[in-house]
Amino acid sequence: MSTPLSSLASLSSFNSFLSLQGELHRAAALFDAGRYAEARAALEEQSRLSLLDTAGPGGPYPPQARVRIAHALGVLAQREGDEAAARRHFAAALALSPNDAETRVDLAMLRIAAGEHGPGFAEYEWRLLHPRGSVLRRHTRSPLRRWEGAPLPASESLLVHAEQGLGDTLLFLRHLPAVRARIGPGVPLWIALPSPLRRLVVEGFLKLHPALQPARVVTFREPLPLPAEQGLRWQCPLLSLPHVLGLAGETLFTPAPPYLALPDTGAPRPERDAARPPRIGLVWRSGTLRDGSQSEGSRYRSLPLESLLPLAPLPAEWLGLQKNPTPAELDLLHTAFHGRDASPACRDFLETGRLLSELDLLVTNDTSAAHLTGALGLPAFVLLPKAASWRWPLSPTTAHGETSPWHPSLRLFRQADNGDWSAPVAAVREALEIRFAGRWPTPEARAAAPRIPTSPEDREIALLEAQFLHEKGDYPALLSVLERCAARHPRHAPVLRALGTARADNGDPAGALRLFRRALKLEPTHPDTRFSLALLRLGRGDFRKGLPEYESRFDRDNCIDPHCSENAPLWDGRPLAADQPLLIHCEQGIGDAIQFIRLLPWARARAEAVHLVCAPSLLRLFQDSPVASGLAGYVTDGGTLPRHAFHCPLLSLLRLSGLRDLRDIPDRQLDAVPYLAAIPSSLPAPARRRIGLVWKSRLPETSGRSKSLPLAALLPLAALPGIEWITLQKERTAEEAALLHSRFGIAPGGPADLGPALPDFAATAREIAALDLVIACDTAAAHLAGALGKPVWVPLQTAPDWRWLRPGVNPGGDDRSPWYPTMRLFRQTRHGDWSDPVAEMAAALAKGPQK
């Protein structure tokens, strides 16, 4: 747990210290930018002023201000590698405020890193009071009592719950056998952890440690039994186990890895060819959020992929395991390393572990991938910043880097100077050359070898090759690779799942269904297979079977559902009185919220008090629309949730309402539009047709699955006369802006360039209401136009999202949507080729309705 200097912003409540506030914000900004010497100088000056009788325009600094300054100086000293200075500053802060949790937590981490395990982990308990520390989920706030290490009777049970990062969970799982030894045999043990770890722990940890039974693993999305049920009385945070169990020294690192194992899939594993080039994985970035941002601590632990370029000349087989790589990173991986993006194969930690087992080595920064590799006893080189986390204490150095007391199979390469990765990367290169001496092919052999291995004997590599072909849209080659791999590995569920998806995308739903069923027999609870099967059935209009399986979306690694309630159970559709408020939360994308907000009246008819959680950009739109009238209240994402007895994700209302097939949509008037309202525009009616354009999604996509289309693909429309083009697109490149200006007559920032200035979807709805037609790819704008009852044309890729149905499913025609009567669909006939749908739209516009 790192404490950034942004905590100094808490001093803004001291109104008499405006000059201090400004200086401390400046120090925090310098710290975040890595300019530690300047930040220290600013803080030392404020420390000097704080000791004067009159400091600044408002009088003496209050004690709490002096605490924060001393604490911040300690954090800076720690970051600069001066342990003695850090201890002095922390001691000064604690002399002023002995119960300051932030200072105590940072001092605890310093002591643990120095090997003072007993007192360090005792002091680390202050993190439970840390204002910005780990969120210990619902469990420390529940009626469960804190377990302090005593044996338990068999009639009671203990909950151990993960906290902080995924790497912390992987690191401290090793102590659960010691918990079992302490509570005694037969006492039920509950383990709560993030869903990406569930299968790994169930199949790769509990089976390796059968003495842990009876044990049950639950994810943070699953409800726990009430305390009165099953004797659940006690709880303990995972990172409190060293303190509770009295672990220190060698016992802290026991059991030694591997304490995780990968379950046998039943498929034969090929012999590893010692003559081939080494297969090396790469991870370079930590803690990236879905919007691409990082905390200061995550940025400090990360390094740019460019920093690893000295490794690229080594003729290895490079695989990128980085989650959510940017387009620029993918381009560098492909062009400089001639590598492959393996991240799609890392669907959860069990799948990631299987991929790691196929590697000769992983090169990574301080991430959960490093801890997973170490826990499996696999080799990795770990690049660390100068002031690394307490989890990476200074250790003996070998010719291949420092050793790790937690993970003996790892080697650590540490910065000498903050921000400078050149020395540790150079050391990694030297260690690679030594480790794989004799494995590097000659330049002639490398030039003659195929760049991309596609041997079906290497299952994971075949899956990566398939992902690459899928991104390119080369479906014949994709099917060929997967068919060969499935023939070789008929009992490997990920291969069957990938082949099923490819079959579905190529118009063979029956073949896809057979493959998904085979995969489910091998892995009955795998969320990706259940989710793929759900999408297949929903795309065929089979809501009765598809919607129950669609609930598996919450068990997937990339699930976006931030508002699962901490205490309330999921709603099952039962009638609710006013004293049983229901919280409905939007999920997935903005388009999903717009499309299925139409189900709110059904929920309101069964619950007297309904609160809605939605994105801030949707708040005004929903508040002004009759479909969302009569709600008890609104909350925007990230806001404080109101008291509620039950909660429900928005798209789960489809299942709860009993939707069975396409006939139910008109029968229940779910196709009635408009169900959203827009404030009428005050613009005068134009003489020409006014058509709005949106051509790309705001979310990153792969080319083979892109629902976006290049603006250049729409140029045949620009030549049509009698049309005033309006752009509703929020983002555009410089090339797109030039094309809009030269071909569509839309000047940047002009009256027809509306997208960049639209603050929210209420404003977008107002502009759409003034248009004659909207042409939009599969985005929120298309859903909004349909919900407003405006004519909207949507170009679709060959394998679109389930809501647009598969060809031949809709009795109303493939060019119509059962959800939006005013919508017309224009489908690709060839993967990645937009010429046919654009030509159809041009022909329809040429003879379309006149103004």
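The values are calculated or read from the model by the stated rules, or taken from the named source; none is laboratory data. For clarity, every value in this text was computed on a predicted model and none was experimentally measured. Backbone-built Cβ (ideal geometry, glycine too); neighbour counts: all protein chains shown. Note: accessible area is taken over every heavy atom of the protein model, side chains too, but ligands, DNA and RNA are not part of it. Shrake-Rupley method; radii C 1.70, N 1.55, O 1.52, S 1.80 Å.
Could you identify the single residue in Gly808, Gly755 that is open to solvent by 50 Å² or more (accessible area, probe 1.4 Å) and of a type outside the set (Lys, Arg)?
Only one candidate qualifies: Gly808.
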When you check Ala842 against the structure, is it closer than 30 Å to Ala687 by Cβ, modelled with pLDDT of 95 or more and open to solvent by 10 Å² or more (accessible area, probe 1.4 Å), yes or no? yes
Test Asp778 against the criterion of being charged (D, E, K, R) and surrounded by fewer than 18 Cβ atoms within 10 Å (Cβ to Cβ), and give yes or no. no
Please state which of the following conditions Asp814 fails to meet, knowing it meets all the rest: (1) without any contact (Cβ under 8 Å) to a residue 40 or more places away in the chain; (2) under 23 Å from Leu535 (Cα atoms); (3) touching a Phe, Trp or Tyr at 6+ places or on another chain (Cβ under 7 Å). (3)
Residue check, Ser6 assigned to a helix (DSSP H, G or I), at pLDDT below 80, open to solvent by 50 Å² or more (accessible area, probe 1.4 Å) and more than 30 Å from Ala114 (Cα to Cα): no
Would it be correct to say that Ile726 is within 16 Å of Ile594 (Cα to Cα) and touching a residue at least 24 places away in the same chain (Cβ under 8 Å)? no
Condition set open to solvent by 40 Å² or more (accessible area, probe 1.4 Å), part of a helix (DSSP H, G or I) and out of contact with any Leu (no Cβ under 9 Å at 6 or more places or on another chain), scope segment 96-117, selection farthest from Gln164 (Cα to Cα): answer is Leu96
Only one of (1) charged (D, E, K, R); (2) assigned by the TED database to the domain that holds Pro424; (3) open to solvent by 10 Å² or more (accessible area, probe 1.4 Å) is not met by Arg276, so which one is it? (2)
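Residue-by-condition table, conditions (1) assigned to a loop (DSSP other than H, G, I, E, B); (2) over 32 Å from the mean Cα position of the chain (by Cα):
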| position | (1), (2) |
| --- | --- |
| Ala781 | no, no |
| Lys790 | yes, yes |
| Arg803 | no, no |
| Asn810 | yes, yes |
| Met841 | no, yes |
| Ala844 | no, yes |
Yes or no: Pro818 outside the structural domain of Ala510 (by the TED database), crowded, with 19+ Cβ neighbours inside 10 Å, part of a loop (DSSP other than H, G, I, E, B) and modelled with pLDDT under 95? no
Pick from segment 730-767 the residues that are closer than 13 Å to Ile691 by Cβ and not in a helix (DSSP H, G or I): which of them is farthest from the chain's Cα centre (by Cα)? Gly745
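Among the candidates Arg488, Arg446, Arg439, Arg518, which residue alone is over 28 Å from the mean Cα position of the chain (by Cα), under 30 Å from Leu535 (Cα atoms) and either modelled with pLDDT under 90 or not charged (D, E, K, R) (or both)? I'd like the intermediate steps shown before the answer.
Working: Arg446 fails: under 30 Å from Leu535 (Cα atoms); Arg439 fails: under 30 Å from Leu535 (Cα atoms); Arg518 fails: either modelled with pLDDT under 90 or not charged (D, E, K, R) (or both).
Answer to the selection: Arg488.
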Quick check on segment 583-612: of everything there that is in a strand (DSSP E or B) and open to solvent by less than 10 Å² (accessible area, probe 1.4 Å), which residue is nearest to Gly573 (Cα to Cα)? Ala607
Just give me the residues in segment 331-385 being under 18 Å from the mean Cα position of the chain (by Cα) and free of Cβ contacts under 8 Å to residues at least 24 places away in the same chain, in sequence order. Ser343
Criterion: closer than 27 Å to Gln467 by Cα, of a type in the set (S, T, N, Q) and at pLDDT 90 or above - qualifying residue of Ser422, Ser409, Ser404, Ser357: Ser357
For segment 733-752, the count of residues that are surrounded by 20 or more Cβ atoms within 10 Å (Cβ to Cβ) and charged (D, E, K, R) equals 0
